[in-house]
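For reference, the structure discussed in these notes is given below.
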Amino acid sequence: MEEIMSEQTNITTPLSALAERATASGAWWQEDTLDQRRELVLPTRVLVALDNAGIRTVEELKAAGPTKLRQLPHIGKQAFEQIVELLRALDRESANGGER
């Protein structure tokens, strides 16, 4: 029973799945919605840099922290700001119960 419980608490969210999930949920065609969905997408170059550093899930991204992220190759000021905006958008989505 403990094994099952620990498996349930270790659910991870792959960074590459965020955009697909955001597009699939809600009325994506409504006014201003497409602009909001972009917050949940990281550019491919940022995803590759994170993947090369072994960061593949939202949980790993949060755990890395700002100091480690800023030291990663190919993560400059703009990429760091995009990561922060992604995490903020996820927090807003979570606070709204998954709705925007």
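Some values worked out for this structure:
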read-out: Residue selected from the range 69-87 under the condition without any contact (Cβ under 8 Å) to a residue 24 or more places away in the chain and in a helix (DSSP H, G or I), by the criterion surrounded by the most Cβ atoms within 10 Å (Cβ to Cβ); value: 69
read-out: Residue that is surrounded by 12 or more Cβ atoms within 10 Å (Cβ to Cβ), modelled with pLDDT of 95 or more and out of contact with any helix residue (DSSP H, G or I) (no Cβ under 6 Å at 6 or more places or on another chain), where the choices are 53, 63; value: 53
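The values are calculated or read from the model by the stated rules, or taken from the named source; none is laboratory data. What you see is a predicted model; the values in this text were computed from it and never measured. Quick reminder, even Gly has a Cβ in these numbers, built from the backbone with ideal geometry, and neighbours come from all protein chains shown.
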